[in-house]
Structure formats: C-alpha cells, structure tokens
1. Please go through the range 93-107 and pick out each residue that is modelled with pLDDT of 90 or more, part of a loop (DSSP other than H, G, I, E, B) and within 22 Å of ASN155 (Cβ to Cβ).
2. So is GLN139 free of Cβ contacts under 8 Å to residues at least 24 places away in the same chain and surrounded by 13 or more Cβ atoms within 10 Å (Cβ to Cβ) or not?
3. Could you check, for the range 119-128, whether at least one of its residues is among the small types (Gly, Ala, Ser), touching a residue at least 24 places away in the same chain (Cβ under 8 Å) and closer than 26 Å to THR85 by Cβ?
4. I need a count of the residues in the range 50-92 that are touching a helix residue (DSSP H, G or I) at 6+ places or on another chain (Cβ under 6 Å) and in a strand (DSSP E or B).
5. Filter the range 199-212 down to residues that are surrounded by 13 or more Cβ atoms within 10 Å (Cβ to Cβ) and part of a loop (DSSP other than H, G, I, E, B) and give me whichever is modelled with the lowest pLDDT.
6. Yes or no: the range 160-176 includes at least one residue that is under 22 Å from GLN60 (Cβ atoms), modelled with pLDDT of 85 or more and of a type in the set (Lys, Arg).
7. Quick one: would you say ALA104 is surrounded by 13 or more Cβ atoms within 10 Å (Cβ to Cβ) and among the aliphatic types (A, V, I, L, M)?
8. Going through THR134, THR151 one at a time, which residue ends up being in contact (Cβ under 8 Å) with a residue 24 or more places away in the chain and touching a helix residue (DSSP H, G or I) at 6+ places or on another chain (Cβ under 8 Å)?
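The values are calculated or read from the model by the stated rules, or taken from the named source; none is laboratory data. Predicted model, so just to flag it, every value in this text is computed and none were measured. Glycine also receives a Cβ, built like all others from the backbone with ideal geometry; neighbour counts cover every protein chain displayed.
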Amino acid sequence: MSQLSPLRRWIVLFALLLIAFGVNTASAQEAEVTPEPVPQDCAECHIDIVASWQDSVHAQAYHDAEFQQAWQTNGEQTECLACHTTGFIPATGEYMQEGVTCTACHGVTPENHPPEAVTVDPGVRVCSDCHTTTYAEWQLSAHGTQQLACTTCHNPHPQSLRFETSTALCLNCHDEPLTDYAHVSHPEQQCIDCHWHKGNLDPEHVLTGNLMPTGHDGFVETRTCLECHDSLDETQLVSTGGSDQPLLQAQVRIRELEAELQTKQVEGDNSALALGVQGLLIGAVFTALLSIVIFGLRRRSTGKGSG
C-alpha cells in the first residue's frame, strides 16, 4: 500500500475528526433526552390528583376490558389509539403511554418543572380532539354561547360531575323556579332526562368506534317526548286521565283561553283600525264643510265691498 501524500493525510484526518464529533454530538443529545414522566412520577407531588385520576375513564381508556375486546375483534385498528393512548403517532402506530395520562391534557412537562409550571388549559380545545361529537353539540348549546368550559360542570381528573347529582349541578346556576307546564308536569324527571336526552342508540361506541350524540346541545326534541309518550297524544292523555291528569286538563284550557285572547286581540285591532278610518273620514268631511263656509263668507264680504 503506497504512502498517502500529506494532503490526503490531512483530508483523512479531518474526515475522522468530523465523524468523531458527530458521534459525540449524537451521544450528548441522546443523553439530554429524558423520557416524559408517567403519572406515578407526578404523584410524588400531586398525590391527590393522581389518586382521583387512576380509576377514571381516562386512566382506563386503554386497559378497559370492553375496549380491548372490541379493539382486538376489529383487528386492532391503530386509529383507535389516537384517543385511547397518549402521544400517539399515526405514521408509525407508536404511542408514548397507555391511557389518557397527564401529558394528553397538560402537554409535555417542562424540563425544569418544578419550578416552571405545567400548562393548565381549562378550555374546551383540549377536550375537543377526542370528544368531537360532544364538542360540536356544545358549540350549538346555550353553554357554548356563553363559553362555559367543560370543567365548569365536569371535574377533569376523576371525570365526574362537580355535584353529587346532575340536577343539583343544573340548579346551581338555573336556580329560578320554573313554573311552566313542561316543568311542573314532570316533577319526577331529572333535567338530563329531557335536556340531555341520548335515546337508545345501538350499537355502542365500543363495538363500532362511532361517536354517538351525548345530548350536550341541551335541546328538547320531539324524540325526547316520544320516549315516554310514544302511543298517546295530549288529547288522549286528558280523556283517559280524568281527574288524575289535572295539569293536562289545565294546559288544554290554557291553550283555549290563549286562542280566545288572540282572537279578541285581532278583533280589537280591527275595531281600532275601523274607528281610526271613521275618524279620518269624519275629519275630512268636517274640514271640507268648514272650507266651503269660509269660502262663502269671503265671497259675501268681497261682494259688499265692491258695491
């Protein structure tokens, strides 16, 4: 093997130095990369929050028996993992952690946390990535118009309501007594029975992956009433109910009186219009007669003056 010229030796030496520098840099970068902390790491400081989260729907999103069975039955489709894991990468099918963990909602933990704070986003954007149907319904609702975030009603870590019952939750804001027929005649119903009506939807999400309506628009639709009143209309309920249905009878009578009142109002408006027209005609006739009289008097005055 012939000896390398001085120039070639320098070129080879420079190339080796570049390779060595690249290897060292890569090793240093790998050393700097720290794995994202798992909830157990967060529990060192936030023990109460992690304790309330660990049995929640989010925590069990991947390990839930119904999900696992449905997922495996349908060929373990990776798109399901977008919401049932944390840090899912669609291109590779890999994910960071099983279930919906702290990072899914709070983002990547800063390297110097603490003291640097972790992001806390109480808005609806953080929920909308997975709860797409609920988010769309919320946008149409009165709550969405008022920009009331999900956490206004839901405790985010255990994913439970902020009050013991749904009715207590609603009455915390809607505290004015409701005396209209719909509310007075259904004292045994809870608010969600009508306003958060879901209906009997089949098949379920765990079998199809479809995101079902959740009733978060708050609308009371016809299907809500037909869930109970599927075979009798209001007239039949009154005729069959007798004295046991006084509220229904009262409602029918109220509607009759409202119709009569509207008729009287229309008749009154027509009468007022007729009287107004009559007044205008009388005024016009009176003005015409007065003009004739004045014109005649002027002519007489003019005739006497000329004579």
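1. Of everything in the range 93-107, those that are modelled with pLDDT of 90 or more, part of a loop (DSSP other than H, G, I, E, B) and within 22 Å of ASN155 (Cβ to Cβ) turn out to be GLY99, VAL100, THR101.
2. On the way: free of Cβ contacts under 8 Å to residues at least 24 places away in the same chain: yes; surrounded by 13 or more Cβ atoms within 10 Å (Cβ to Cβ): yes.
Criteria met by GLN139.
3. The initial filter retains those residues of the range 119-128 that are among the small types (Gly, Ala, Ser), namely 123, 128.
After this cut, where a residue has to be touching a residue at least 24 places away in the same chain (Cβ under 8 Å) as well, the list is 123.
If we keep only those that are closer than 26 Å to THR85 by Cβ too, we end up with 123.
Yes, some residue in the range 119-128 is among the small types (Gly, Ala, Ser), touching a residue at least 24 places away in the same chain (Cβ under 8 Å) and closer than 26 Å to THR85 by Cβ.
4. Selection size over the range 50-92: 1.
5. Looking only at the range 199-212, we keep the residues that are surrounded by 13 or more Cβ atoms within 10 Å (Cβ to Cβ), and these are 199, 205-207, 209, 211-212.
From the residues that got through so far, the ones that are part of a loop (DSSP other than H, G, I, E, B) too are 199, 209, 211-212.
Working: GLY199: 59, GLY209: 71, LEU211: 82, MET212: 81.
My answer is GLY199.
6. Yes; the residues of the range 160-176 include at least one that is under 22 Å from GLN60 (Cβ atoms), modelled with pLDDT of 85 or more and of a type in the set (Lys, Arg).
7. Details: surrounded by 13 or more Cβ atoms within 10 Å (Cβ to Cβ): yes; among the aliphatic types (A, V, I, L, M): yes.
It is true that ALA104 is surrounded by 13 or more Cβ atoms within 10 Å (Cβ to Cβ) and among the aliphatic types (A, V, I, L, M).
8. Details: THR151 fails: touching a helix residue (DSSP H, G or I) at 6+ places or on another chain (Cβ under 8 Å).
It is THR134.
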